[in-house]
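The values are calculated or read from the model by the stated rules, or taken from the named source; none is laboratory data. Keep in mind that what you see is a predicted model, and the values were worked out from it rather than measured. Every residue, glycine among them, receives a Cβ derived from its backbone with ideal geometry; neighbour counts consider all protein chains shown.
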Amino acid sequence: MTQKYQVLARKYRPQKFADLIGQEAVVTTLKNAIRFCKIAHAYLFSGSRGVGKTTLARLFAKALNCQQIGPDQEPCNSCSSCLDIMAGQSLDVIEIDGASNRGIDDMRQINETVGYAPSQGHYKIYIIDEVHMLTKEAFNALLKTLEEPPERAKFFFATTEPHKILPTIISRCQRFDLGRILPSQIIGKLEQIAKDLHRNVEPEALHQIAILSDGSLRDAESLFDQILCFLDGTVTAASVRQVFGLVAEEHFFALDKAFSENRIAYAFELVDHLFQSGKDLAHFLSQLIEHYRLITICKTLGSEALPPSLAARYMQSATLYIPSQILYILEYLLKAESDLQKSLSGRVFLEATLLHIIRSKNRIPIEVLIRRLTELEGAICASAPPQNTQPQQLLQNSKEEAKPQIKSPQSPPPQTKSFTTQIEEIHTTPIHEHSDKKPQKDLLQTPPTPLEPITTTPPLEKTQVPKGSVQKEEPIAKLSHQSPEENLATNLSEKTTPTKHPSHYDTLLRFAAVELEGSVKI
């Protein structure tokens, strides 16, 4: 005759409040409600899977109907009411599966029986698991009962998706959000189970199981049960990796070394190993994200936050990265994890991901690039010639200097054409030749002569023109489309603008290329 086996998740299910780990605030609130006789008519327990929602509802129901409750509000687990609830045979505690009994007829049946008095306990308690699966009509049928329930009737709801419950239902309940179980708490619970079963387990193996459970104690106990069935001896980290298809830690530390050496060939070697051994790519990316998360913890909090068996190796790997590189790799891996499902070729996608990680060593952070460009700009400004005056100020100074240089026509400047000759040349030259701007630019760039201030002085009638010459202002005005002051300001600005050395532009372009390509070309 074979002995009946009970899985670890059921065998070590908490039977009193002290056995429930990770939910101290909720437990304290419920125990004080019993102590002060402030029991609400409806409670809603929400949280992720395996954190103790249904277990907490059963413990609370058992404590309310316990006939010999202790001074610390713990159920005795020995009276008839506690024994019936533990065996699932109590007439006063009714458990309903919301996924199977989700219609309006099921809720009408509850409304018809809720007024009956409890058989032996203090309260008639309805525990509805996965309550978010009820239909809208079923919720509406339950509203009136929840708002004005009988005095000795209580409702306990458990759900993993509270956002699917009608707000009118939530407003009639006291809501408790249960958090995930910490890895350290899961490891402590598994150590107690291993000690009770007289099994030797390596601490690193328990750490891997706690990471795989993702904050669910029930998942951790199920995984540990599977490992215990795999072998009879000591549970090692290698056996855990073998059973669940995980990648050994040595490959991740080798990736850190390849990153420091900028050895991109290791990306193809690692991916080939993963495919040859049949590893799951999604699990590998999850492990890789966890690997860089532990490196980040080492850089910020130190090695005390890690298991002693891994602290030394992770501290050594943390010295190969700078904080900006770790953050960039983490952000890239989180995005790659979501894009993996969309990829047509998992192998090529994984190779490109690892190549990007290794090449990110030469990536210049944007803040460093901005700082270097700022320093370069300051150096260029410092090497430029001083600019004490602006073009407009130079124009004003030129006007003031030009006024005293106007002399009478009686003393014409030597080695220059007479004013009469210039006027005659203007009249004999076709107008379309004066519309070209190139002669004007050459004229402005020539050294100033005493005749040039005439173009910047007031109209010609205020100056003395030699006899025999004809004074016509209109052809002179057609020499340029701009006023003389604007032409002079343009010329001065062109002369005073500093020129930058070509090497400065080469440096700027190099910095831009580095940021766009993500690498430094040597």
- Message: Can you list residue pairs whose Cβ atoms sit under 9 Å apart, with the first residue in segment 45-56 being outside the structural domain of Thr29 (by TED's automatic domain parsing) and the second being surrounded by 22 or more Cβ atoms within 10 Å (Cβ to Cβ) and part of a loop (DSSP other than H, G, I, E, B)? Count only pairs 6 or more apart in sequence or on different chains.
- Response: none
- Only one of (1) touching a helix residue (DSSP H, G or I) at 6+ places or on another chain (Cβ under 8 Å); (2) exposed (fewer than 13 other Cβ atoms within 10 Å of the Cβ) does not apply to Glu151, and that is (1)
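Inside segment 103-132, can you point out the residues that are part of a helix (DSSP H, G or I) and β-branched (Val, Ile, Thr)? Step through it out loud before you land on a result.
We begin by selecting, within segment 103-132, every residue part of a helix (DSSP H, G or I); these are 104-113, 131-132.
Matches in segment 103-132: Ile104, Ile110, Thr113, Val131.
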- Give Val271, Val243, Val247 a once-over and let me know the one that is of a type outside the set (Phe, Trp, Tyr), free of Cβ contacts under 8 Å to residues at least 60 places away in the same chain and touching a Lys or Arg at 6+ places or on another chain (Cβ under 7 Å). Val247
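Which one of Gln192, Gln109, Gln120 is of a type in the set (S, T, N, Q) and assigned by TED's automatic domain parsing to the domain that holds Leu223? Steps first, please.
Values: Gln109 fails: assigned by TED's automatic domain parsing to the domain that holds Leu223; Gln120 fails: assigned by TED's automatic domain parsing to the domain that holds Leu223.
Result: Gln192 is the single residue among Gln192, Gln109, Gln120 that is of a type in the set (S, T, N, Q) and assigned by TED's automatic domain parsing to the domain that holds Leu223.
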- Task: Give the residues of segment 248-269 that are more than 26 Å from Glu204 (Cα to Cα) and not in a helix (DSSP H, G or I), sorted by residue number.
- Result: Asn262, Arg263, Ile264
- Evaluation of Gly215 against (1) outside any helix (DSSP H, G or I); (2) over 24 Å from Leu288 (Cβ atoms); (3) touching a residue at least 40 places away in the same chain (Cβ under 8 Å) (one fails), failing number: (2)
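With the condition being acidic (Asp, Glu) and farther than 27 Å from His207 by Cβ, I'd like the helices (runs of 4 or more DSSP H) fully within segment 270-383 carrying at least 2 qualifying residues. Let's see the steps before the verdict.
Working: elements: 281-300, 308-318, 323-339, 346-359, 366-383.
By residue number, 366-383.
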- Query: What residue, among those in segment 300-319 that are within 23 Å of the chain's Cα centre (by Cα) and surrounded by fewer than 16 Cβ atoms within 10 Å (Cβ to Cβ), is farthest from Ile187 (Cα to Cα)?
  - Reply: Thr300
- Task: Would you confirm whether any residue within segment 168-175 is part of a loop (DSSP other than H, G, I, E, B), among the charged types (D, E, K, R), assigned by TED's automatic domain parsing to the domain that holds Val51 and loosely packed, with under 13 Cβ neighbours inside 10 Å?
- Result: no
- Item | Candidate set from segment 64-112 (those that are over 23 Å from Ala40 (Cβ atoms) and in contact (Cβ under 8 Å) with a residue 40 or more places away in the chain); member that is nearest to the chain's Cα centre (by Cα) | Met86
